1. Counting only residues that are without any contact (Cβ under 8 Å) to a residue 12 or more places away in the chain and of a type in the set (D, E, K, R), which one in the stretch 234-279 is surrounded by the most Cβ atoms within 10 Å (Cβ to Cβ)?
2. Does the stretch 263-298 hold any residues that are at pLDDT 85 or above and either among the hydrophobic types (A, V, I, L, M, F, W, C) or in contact with a Cys (Cβ under 8 Å, 6 or more places away or on another chain) (or both), and which are they?
3. Against the conditions (1) modelled with pLDDT of 75 or more; (2) buried (at least 21 other Cβ atoms within 10 Å of the Cβ), where does LEU354 fall short? Just the number, please.
4. Given the structure, is GLY54 part of a loop (DSSP other than H, G, I, E, B), of a type in the set (Gly, Ala, Ser) and free of Cβ contacts under 8 Å to residues at least 60 places away in the same chain?
5. Find all pairs meeting these conditions: Cβ atoms under 7 angstrom apart; at least six residues apart or on different chains; first residue within the stretch 406-422 and touching a residue at least 40 places away in the same chain (Cβ under 8 Å); second residue surrounded by 12 or more Cβ atoms within 10 Å (Cβ to Cβ).
6. Among the residues of the stretch 434-448, are any within 29 Å of ARG206 (Cβ to Cβ), surrounded by 20 or more Cβ atoms within 10 Å (Cβ to Cβ) and without any contact (Cβ under 8 Å) to a residue 24 or more places away in the chain?
7. When you look at ALA319, is it outside any loop (DSSP other than H, G, I, E, B) and out of contact with any Cys (no Cβ under 7 Å at 6 or more places or on another chain), yes or no?
8. List every residue pair whose Cβ atoms lie under 6 Å apart, where the two residues are 6 or more positions apart in sequence or sit on different chains, the first residue falls within the stretch 286-300 and is exposed (fewer than 11 other Cβ atoms within 10 Å of the Cβ), and the second residue, located anywhere, is of a type outside the set (A, V, I, L, M) and at pLDDT below 70.
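The values are calculated or read from the model by the stated rules, or taken from the named source; none is laboratory data. These figures come from a predicted structure and were not determined experimentally. With ideal geometry, Cβ positions are generated from the backbone for all residues, glycine too; neighbour counts draw on all protein chains shown.
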Amino acid sequence: MSMDFGDPADDPKVFRNICRDRILKDLLKPDKDKETKSSWKVLIMDKFTVKIMGYACKMAEITDAGISLVEDLFKRREPMPSMDAIYFLQPLKENVIMLLSDMSGRCPLYRKAYIFFSSPIPKELVSYIKNDSSVIPRIGALREMNLEFFTIDMQGFITDHDTALNDLYGRSENNSKVFNDTISTMATRIATTFASLKEFPCVRYRAPKGDASTTTKFDMVPKWLATAVWDIVSKYKSTIPEFPQKDTCELLIVDRPIDKIAPVIHEWTYDAMCHDLLEMDGTKYTYEVSNAGSEPEQKEAVLEDHDPLWLELRHTHIADASERLYEKMNNFVSKNKAAQLHSRDGGEISTRDLQKIVQALPQYSDQVEKLTLHIEIAGKINRFIREYGLRDIGQLEQDLVFGDAGAKEVISILRSKQDMSPENKLRLLIIYAIVYPEKFEGDKGEKLMQLAKLPHDDMDVIKCLRYLEGSDLKKDDIRDFVEKYFLQPSTKKNAARTEKQDGEETWALSRFFPLIEALYRLYSLEFFLSACELIEKLSKGELPLKEYPSMSEPSSAPQGTTETASTAAPSQNPQPMSMRSRRTPTWAKSRNSGDSQSSDSSVLRHSSGDFKRLGNRIFVFMIGGATRSELRTVHKLTMKMKREIVLGSSSIDDPPQFISVKFDLS
């Protein structure tokens, strides 16, 4: 009896797959219409393009495309004069010099060179290549791929600017080289996204506050980036064949300072907790497997889209993910007699039992191994939640943001939880400082830091938040929004302000976390006041042009020219949920609900090839690092709005990374 994990979206025309197909079909098979003496080729890349390739394709796909060997441009390589080579490089002088060194002279390393640059190549470099007469006959192709972004998700990409907060919001002057270079390279990489998709965006951005005399440089960053992106994509009309002449999608550029809580608050989905609590190297997770009579074996798992179980669980609440995993294994064991023999007398199954099942049932080894892996991960996360006391910390974080807690509760938890980690104390105080900035005026902040037993340097992190100017959300705004969109009139007070009760089930309070979406829609002002409002308004053409100007007058109806927009309530109001709910409340068991959606791209998967039926794409780009909760949001909104929404950012940041960036900024 096999286990059904569901199938990932294999080939819908979604963002990531289009990018992958460009590499596999256009780059790796440049002579697909011609007969060649050898079907196998060598692929040569620099460090940057290796990362692009790594995010977009699997090694097996590269091999299937006819690549027998992948080489580093700057490492010593064996001559292969009987084989053709594909070069995928950034258009840099040092790369061109190495390329010419390979292919010039009487004994080139390869028979023919198919050269692809990741972005437009400067004219001087083209001339440099043309001047070498021995190389010209050996060039089979010379093209611009316009592919300089990293597809981190089916609906997400980054530009690999991990230090964008420092580079763009640090204390350097506006005309500094680092500032200008960051804007320029970020704009180029964003623009290549639209070149790859052959989409011409209507570019909009968060407008600076105030007039020119009072506007800070922080407020100008979205406008400057939008201008740079617009300048590049406008040129594509005349330089890229069949590039649209009118806008075919929408791009909204916002920045991290508008929402400083999302990167530090505890997000309780499986994906977010993996990256927050476990020591992962990107998407790689290292774990041990016990072997009978020998030392435990170290294994490495990659938590990515090719794992259907990861796709199903990653956006679900950790409690729901845990229950689903054990439900799957128990169903498997109950329907398989051989598996029952290796369980503990019909009792609860351990990971060691699972390993025995793998040995006894080799035909199910892949499925059971994946299940074993995820059960171990979920168990580890749940253990950390207990050990670190995250249930109480997470509840207080929410109460602070909703306006249901203040100084008394913060002081109480700092005194009572002496074993709270310094990082969790700092994250809590960051949220407190954002919600109650007046509590950190004068020496008040220093006293709180002393109570938390945090070093004086940590105070600089909190000061950075003031340095990063952002939105001016008030607690009343949060309350009004939560009541309007999430709570029934008769239960507003209780559902948003339920007292803790002793003896509750472990996950009862944690089950309130889906309503983090409510606070998130506010504190992500432009992102989640945008996730359900800003993006919806953009989709309906109701986004105010005064607050979000366009680089050109949008051409496709019904693009908005409205200066004000009324807030429309969602068509269906979710039922309110008490924080005293039973261990498995409705939201966790409803497999069709938006919050516990088991598939990331079900709308896209079932589009049956008629992709345009979903409407034009919406791109949202977050300067300064996006969060995993924001990435989850675009998947949910895609399903809700029947339009593919793609999240771009300078980087994807987990809380420890975000805090370390603030240390650098301070």
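1. Filtering the stretch 234-279 for residues that are without any contact (Cβ under 8 Å) to a residue 12 or more places away in the chain and of a type in the set (D, E, K, R), the one surrounded by the most Cβ atoms within 10 Å (Cβ to Cβ) comes out as LYS235.
2. VAL264, ILE265, TRP268, ALA272, MET273, CYS274, LEU277, LEU278, MET280, TYR285, listed by residue number.
3. All conditions pass for LEU354, except number (1).
4. For GLY54, the condition - part of a loop (DSSP other than H, G, I, E, B), of a type in the set (Gly, Ala, Ser) and free of Cβ contacts under 8 Å to residues at least 60 places away in the same chain - is not met.
5. ILE411/LEU451
6. Checking the stretch 434-448: at least one residue is within 29 Å of ARG206 (Cβ to Cβ), surrounded by 20 or more Cβ atoms within 10 Å (Cβ to Cβ) and without any contact (Cβ under 8 Å) to a residue 24 or more places away in the chain.
7. yes
8. GLU297/ASN291
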